[in-house]
Structure formats: structure tokens, C-alpha cells
Amino acid sequence: MTIEEIIGLVSGLDGVLTLTPGPGDEWPELSWGDAFFYYSPDGVVPANVQPFATIVTKNYPGDESSRLDRPDTFRVNVHAGKKEFTRRLGQDPAATDTLIAHPVYGTAGWLAVVNPASKTEPAVRELLETAHRLARARYERRADSSRG
């Protein structure tokens, strides 16, 4: 899977807002080149809500274990929930095409794949759809509670 294929897949899901920060916009330079996926049917970046999935193309401070400083290396991060995390947990954070616990957010139910390819593509697709469904459910619960 390429970054473009993943962005196309997730952006095609209903209600998804895809952010791809770059030079000249309001997002920090560190985020340039990465992608952030939110469930936001109104197209507005939600306040106080994390994305349900991200693509990162570089090491972030405190998050170097996947060694994203290697050429042509990126990581897909998916908040698929604790149930899926427990069911699919992997091991080595630097292994490619292997489902792993997110090096920083694993305990919160985030999974990750460095350079997803044939071995993990079906799982990545399924996990992205699961994360989208969970994000939509959280959005709907918040919307219902603000009306009631």
C-alpha cells in the first residue's frame, strides 16, 4: 500500500475529513507530509478529538522506535479500539509489513504498521474501516448528548 492508496481509501469513507498539512497552512511544520483522518461530516476539524487514523512519515519526538528516518518508510496508525488491539497485537516496532502496538499510544488501543504491504493490507483496510466506524459512533454520541 502506498500513502496515496491509503489516503484514497480512507477519504472515500463517509464523513471523513482528511488533513494533509504542508507549507503555508496553519499546522506545525513537524506535521507536514503526514495525513490525519477525522470523522467530521460537517468538514470542520473537531475540537478536542484525536484523529481515528494517521499516516506519519518521520520520527516524532519520543516516538523513534519505528525508525521512520529510513528512506521510503512511513507508518499507518489506527485507533481501532482495545478489542481489536488485543486481538491483533504484534511485537517488533521496527518490523515492516507487520501489525504492531503503536509505540506511544498502544495502551490506548492504537495499532500501527510500518510500510504496509501484501501481508498486512487486508488488516489495514479492515482496521481503517473499524476505526472510522468507531469515530462515527463517538461523534454521534457527542451530538446526541449535546442535543439532550
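The values are calculated or read from the model by the stated rules, or taken from the named source; none is laboratory data. None of these values were measured; they are calculated from a predicted model. Every residue, glycine among them, receives a Cβ derived from its backbone with ideal geometry; neighbour counts consider all protein chains shown. Remember, those area values only see protein heavy atoms, side chains included, never the ligands or the DNA or RNA. Shrake-Rupley method; radii C 1.70, N 1.55, O 1.52, S 1.80 Å.
Quick notes
- The residues of region 20-59 that are acidic (Asp, Glu) and either in contact (Cβ under 8 Å) with a residue 40 or more places away in the chain or over 24 Å from residue 115 (Cα atoms) (or both), listed by number, are 25, 26, 42.
- Among the residues making up region 130-148, those that are under 30 Å from residue 69 (Cβ atoms) and either in contact (Cβ under 8 Å) with a residue 60 or more places away in the chain or open to solvent by 30 Å² or more (accessible area, probe 1.4 Å) (or both) are 131, 132, 135.
- Here residue 66 meets the list (1) within 19 Å of residue 111 (Cα to Cα); (2) at pLDDT 95 or above; (3) touching a Lys or Arg at 6+ places or on another chain (Cβ under 7 Å) almost entirely, failing just condition (2).
- Enumeration of residues in region 30-44 that are out of contact with any Leu (no Cβ under 9 Å at 6 or more places or on another chain) and either aromatic (Phe, Trp, Tyr) or loosely packed, with under 10 Cβ neighbours inside 10 Å (or both): 32
Each row is one residue, and each column tells you yes or no for (1) over 14 Å from residue 6 (Cβ atoms); (2) not hydroxyl-bearing (Ser, Thr, Tyr).
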position: 31; (1), (2): yes, no
position: 37; (1), (2): no, yes
position: 56; (1), (2): no, yes
position: 64; (1), (2): yes, yes
position: 68; (1), (2): yes, yes
position: 81; (1), (2): yes, yes
position: 95; (1), (2): yes, yes
position: 110; (1), (2): yes, yes
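- Selection within region 77-127 - assigned to a helix (DSSP H, G or I), surrounded by fewer than 17 Cβ atoms within 10 Å (Cβ to Cβ) and hydrophobic (A, V, I, L, M, F, W, C): 108
- Long-range neighbours under 6 Å by Cβ, at least six apart or interchain, first residue under 10 Å from residue 103 (Cβ atoms) within region 62-73, second open to solvent by 60 Å² or more (accessible area, probe 1.4 Å): 63/104
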